[in-house]
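The values are calculated or read from the model by the stated rules, or taken from the named source; none is laboratory data. A quick note: this is a predicted structure, and the numbers were derived from the prediction, not measured. Here the Cβ positions follow ideal geometry from the backbone for every residue, glycine too, while neighbour counts run over all protein chains shown. The accessibility values were calculated without ligands, DNA or RNA, using every heavy atom of the protein model including side chains. Shrake-Rupley method; radii C 1.70, N 1.55, O 1.52, S 1.80 Å.
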Amino acid sequence: MACGTVALSFLLSVYAALRAHGAPGHVLVETLWEWIPGGATQLASGTAPFQVDWAYQVDPLSSVMILVVTFVGFFIHLYSIGYMGFDAGYARYMAYLNLFMFAMLTLVLGANYLMLFVGWEGVGLCSYLLIGFWFDRQSAADAGKKAFIVNRIGDAGFALGMFLVFVSFGSLDFRAVMDQAAHMPVDWSWDGTLPLIALLLFVGACGKSAQIPLYVWLPDAMEGPTPVSALIHAATMVTAGVYMVARSSAIYAHAPKAMFVVALVGALTAVFAATIGLVQNDIKRVLAYSTVSQLGYMFLACGVGAFTAGIFHLMTHAFFKALLFLGSGSVIHGMSGEQDMRKMGDLKGRMPWTHWTMLVGCLAIAGVPLLSGFFSKDEILWSAFRVGGYGHLVWLMGFVVAGLTAFYMFRLYHLTFSGPFRGTEEQAHHLHESPPTMLVPLFVLAAGSILAGYLGFPALLGERVGFPNVFERFLEPVFESAHETLPEVFRAGAPGHGMEAALMAASVLVAGGGIALAWVFFKQHPEFPGRLASSLAGVHRVLLNKYYVDELYDALFVRAVALGGGNSLYTMDRYVVDGGDGELRPGLGVNGLGWLTRDVMARFSDAWDRYVVDGLVNLTAAVLDNSSYVLRALQNGLVQHYALSALIGVFLMIWAGRFLLRLY
């Protein structure tokens, strides 16, 4: 049932994409109901009703996303049958996968920012559930919490950006916001409305798509089942930030400073993660840092205005990265759970189908010509170089990353499939090829890794063979307004075809150099890496420990801010809020006031009640009691005594009257 629903979703996605392509403006919007019918709201330019519809939108951009998500997602579901079929939580696992797919489709189909945010938070929840799926393992439980918390930091920026979008434009609907942004002047400042919106949204993208400084959750996500790693790292959750930036292309095109930040952060992340991937020994962790690096490539593209190239790389990356993760899962399955590449080797003959499909994935991500990664990566590098300015800087960084990627991917390939087998005899005895349910997805994704790139055939080559860039033409309606603005932002003249051909050849050569160097180090002379690590022990240690960023975050934020702040708050609570425990009494907090009330005020109140209030009452009673003896004697019941008393009273009144008259 779980696989069938995703297959049905893919068929419906094909139908929806075809309908949208034939619709006016290539946009199909379906409003199900008025979700939030809010009242009048104060905006920057007046008042407007805060109204959000539960609406879905299919246009060329969302068409690409839903087709990739459902297609790749289906084969990950199919693969999971063989990989997770014997797990005790199999049904729960499949339910989580389906929930993840629902959230991701809601994210890419939402017609407004708030609908996107619903899916955005949904995939965050599902990532927590899937990364921590084996919650009885402390490392998996911690990784799930880490992913959830780090994403919440980015989501705070996204929410603030969304608030500012509504205050500035009076709507959260994508079409309304982009139409207004397209008619606004380019804002070259840092603190203008559009740059601020773009930067806040990018904070959310950094969290979801694992960019510096919020990338730390993604490598730890390897604690989940391998198909989960493929689902999260390939075509779904981590690409949500790239999709959101591309969806907001009109805003970014009018905020050049924000685009510079996007490009620089993307390029830095690509270099940073690629250098870490050079020395990691866990096969899934190498792929995790590769994902972080490739996501940096996508943001680099968006930062130089090449939104189509960024989405193109998103699509090709979905195929070869899902293939690599599922291939690594096949290796781990055959190796009885082993993930350390140093304990592998010589799997080429033992797992031939897994070997050939993973080789295709390694060649594709390395950018070898005629495979999908070559076309998308070259498009990004060329787009960065031709805009000039900071584009040359990020091109150089991307160019270096191309060589690093080829090297560490073929390091992974040779450590896994070449050389002697370095595992145990028991592992060698149980080593076997994966079942068909796991191999069929590998074959399909390998085919996609080869063929998907031809949808975005480079213009330089396409003009000569008459093969158009279908992907660019398909997405042009989405990015048309942004592309109209970009010439004003990037004023450099485009280099000629000769320069494009030279840069393409250079990227191929640097990829080939990385592959050749990995072949020398890990195939021909496997002793070289150990010697190099010894001679550069400090650098190797820093890279192996991932620049100590996790330790730094642990010291600054976990121990200093969280635990240290918690201890400070405990002290504040203990000695100020609760201060005054009846013994030390260092403060007049809750306990101190309780002590003051109980031990001081209560005793004073008891003494006041006992000796003042009760004393006066008892004194009055004693006076009245003693005077009553005299008064009782006068009340004897004899009439003659009462008459005498009245006569004496009359004489006293007469005397008193005469006395008062003399005074006056």
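So here's what we get for this one:
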{"read-out": "Residue list for the range 384-399, restricted to those being assigned to a helix (DSSP H, G or I) and either touching a residue at least 12 places away in the same chain (Cβ under 8 Å) or crowded, with 24+ Cβ neighbours inside 10 Å (or both)", "value": "Ala384, Phe385, Arg386, Tyr390, Gly391, Leu393, Val394, Trp395, Met397, Gly398, Phe399"}
{"read-out": "Pairs, first more than 19 Å from Asp346 (Cα to Cα) and without any contact (Cβ under 8 Å) to a residue 40 or more places away in the chain in the range 507-533, second crowded, with 17+ Cβ neighbours inside 10 Å and of a type in the set (Asp, Glu), C-beta under 8 Å, six or more apart", "value": "none"}
{"read-out": "Count of residues meeting criterion [of a type in the set (Gly, Ala, Ser) and crowded, with 22+ Cβ neighbours inside 10 Å] in the range 104-123", "value": "2"}
{"read-out": "Those helices (runs of 4 or more DSSP H) lying entirely in the range 413-488 with at least 1 residues of a type in the set (Phe, Trp, Tyr)", "value": "436-451"}
{"read-out": "Subset tally (residues that are part of a helix (DSSP H, G or I) and touching a residue at least 24 places away in the same chain (Cβ under 8 Å)) for the range 126-137", "value": "5"}
{"read-out": "Helices (runs of 4 or more DSSP H) contained entirely in the range 566-664, each with at least 1 residues that are open to solvent by less than 70 Å² (accessible area, probe 1.4 Å), small (Gly, Ala, Ser) and at pLDDT 80 or above", "value": "602-607, 614-634, 639-663"}
{"read-out": "Residue identified as under 22 Å from Glu488 (Cβ atoms), in contact with a helix residue (DSSP H, G or I) (Cβ under 7 Å, 6 or more places away or on another chain) and either modelled with pLDDT of 95 or more or not acidic (Asp, Glu) (or both) among Ala230, Ala255, Ala210", "value": "Ala255"}
{"read-out": "Residue selected from the range 329-356 under the condition open to solvent by 10 Å² or more (accessible area, probe 1.4 Å) and assigned to a loop (DSSP other than H, G, I, E, B), by the criterion nearest to Val286 (Cα to Cα)", "value": "Gln339"}
{"read-out": "Near pairs, Cβ below 6 angstrom, 6+ apart or cross-chain, from the range 477-488 (under 14 Å from Gln180 (Cα atoms)) to any residue that is part of a helix (DSSP H, G or I) and open to solvent by less than 30 Å² (accessible area, probe 1.4 Å)", "value": "Ser481/Ala250; Ala482/Ser249; Ala482/Ala250; Ala482/Ala253; Thr485/Ala253"}
{"read-out": "From Phe86, Phe50, residue being open to solvent by 40 Å² or more (accessible area, probe 1.4 Å), within 22 Å of Asp155 (Cβ to Cβ) and among the hydrophobic types (A, V, I, L, M, F, W, C)", "value": "Phe50"}
{"read-out": "Candidate set: the range 259-297, residues that are open to solvent by less than 10 Å² (accessible area, probe 1.4 Å) and touching an Asp or Glu at 6+ places or on another chain (Cβ under 9 Å); chosen: the one nearest to Val177 (Cα to Cα)", "value": "Ala288"}
{"read-out": "Residue satisfying condition, being under 28 Å from the mean Cα position of the chain (by Cα), touching a residue at least 12 places away in the same chain (Cβ under 8 Å), under 19 Å from Gly224 (Cα atoms) and open to solvent by less than 30 Å² (accessible area, probe 1.4 Å), within set Leu97, Leu78", "value": "Leu97"}
{"read-out": "Criterion (surrounded by fewer than 18 Cβ atoms within 10 Å (Cβ to Cβ), farther than 22 Å from Gly82 by Cα and out of contact with any strand residue (DSSP E or B) (no Cβ under 8 Å at 6 or more places or on another chain)) met by exactly one of Leu370, Leu359, Leu363, Leu381", "value": "Leu370"}
{"read-out": "Hey, Val6 surrounded by 11 or more Cβ atoms within 10 Å (Cβ to Cβ) and assigned to a strand (DSSP E or B) or not", "value": "no"}
{"read-out": "So Ile66, is it part of a helix (DSSP H, G or I) and touching a strand residue (DSSP E or B) at 6+ places or on another chain (Cβ under 8 Å)", "value": "yes"}
{"read-out": "Residues within the range 517-565 that are open to solvent by less than 50 Å² (accessible area, probe 1.4 Å) and under 15 Å from Arg411 (Cα atoms), tallied", "value": "7"}
{"read-out": "Filter pass, Gly403 being under 22 Å from Arg285 (Cα atoms) and modelled with pLDDT under 90", "value": "no"}
{"read-out": "Some residue of the range 13-29 being farther than 30 Å from Phe320 by Cα and β-branched (Val, Ile, Thr)", "value": "yes"}
{"read-out": "Contacts under 7 angstrom Cβ, first residue in the range 27-42 being over 30 Å from Pro60 (Cα atoms), partner surrounded by 10 or more Cβ atoms within 10 Å (Cβ to Cβ) and among the small types (Gly, Ala, Ser), 6 or more apart", "value": "Thr41/Ala48"}
{"read-out": "Which numbered condition Thr269 fails, given (1) under 29 Å from Ala141 (Cβ atoms); (2) at pLDDT below 95", "value": "(2)"}
